[in-house]
Amino acid sequence: LELNFMRPDRELEPSAESSEDAAALRARRPARIVDFWLENDSGERDDRFRNGESINLVAVIEAAEELEGPGLGFEVRNAAGVSVVDLRAWDLSGAEGPLRPGERMNVRLNIDNPLSSGQYTARVALTRNRSLEDVVDLRPQAGEFLVYGVETGGGNPVISPPHRFWVTREHTRELTAR
């Protein structure tokens, strides 16, 4: 995952040299992620989610030039920086073809939330040409959110999947003291 998500950071994020460099870098992008937010089950923007409640990750992309085979990747990392969710849509263009200059596309990903209580960061990557290697824009810290409502056994689990315990007791013969 580091190879997939980290390398574009160095190429796409502006250097500290000048704001003119940053503006020039943004101008060269054929498309960009113009907005990102998280929503609850009701479609309201939120940054706090109970374990088991659905989370919507929403990104708006805008093309500066024709964008063939736009794809979007969503990654969620825990507070330790460990990737816990990594989902991708390889080609969002569908029957309408490439994204045209000035055109915007809203992409919404709905996930069931098996995450344990804790702080998380969402990362979003925009690609083109149905290729993981052809990253157009990357937001390594697109949004932060909190998951609550899970009591753990003292460890630090990454997910808390839906679960049930079944207990069966075997009746043994009575022991007699000798």
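The values are calculated or read from the model by the stated rules, or taken from the named source; none is laboratory data. Small disclaimer: the values here were computed from a predicted structure and weren't measured. Counting neighbours? That spans all protein chains shown, and the Cβs are built from the backbone with ideal geometry, glycine included. Side chains included, ligands, DNA and RNA excluded: accessible areas come from the protein's heavy atoms. Shrake-Rupley method; radii C 1.70, N 1.55, O 1.52, S 1.80 Å.
Summary of values
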item	result
Subset of the range 63-97 (residues that are surrounded by fewer than 19 Cβ atoms within 10 Å (Cβ to Cβ), without any contact (Cβ under 8 Å) to a residue 60 or more places away in the chain and assigned to a strand (DSSP E or B))	Leu87, Arg88, Ala89
Single condition Glu53 does not satisfy, out of (1) within 16 Å of Ala125 (Cα to Cα); (2) of a type in the set (D, E, K, R); (3) at pLDDT below 95	(1)
Filtered residues of the range 110-154 (kept if open to solvent by less than 40 Å² (accessible area, probe 1.4 Å), in a loop (DSSP other than H, G, I, E, B) and of a type in the set (A, V, I, L, M, F, W, C))	Val150
Qualifying residue in the range 47-57 (condition: in contact with an Asp or Glu (Cβ under 9 Å, 6 or more places away or on another chain), among the β-branched types (Val, Ile, Thr) and buried (at least 19 other Cβ atoms within 10 Å of the Cβ))	yes
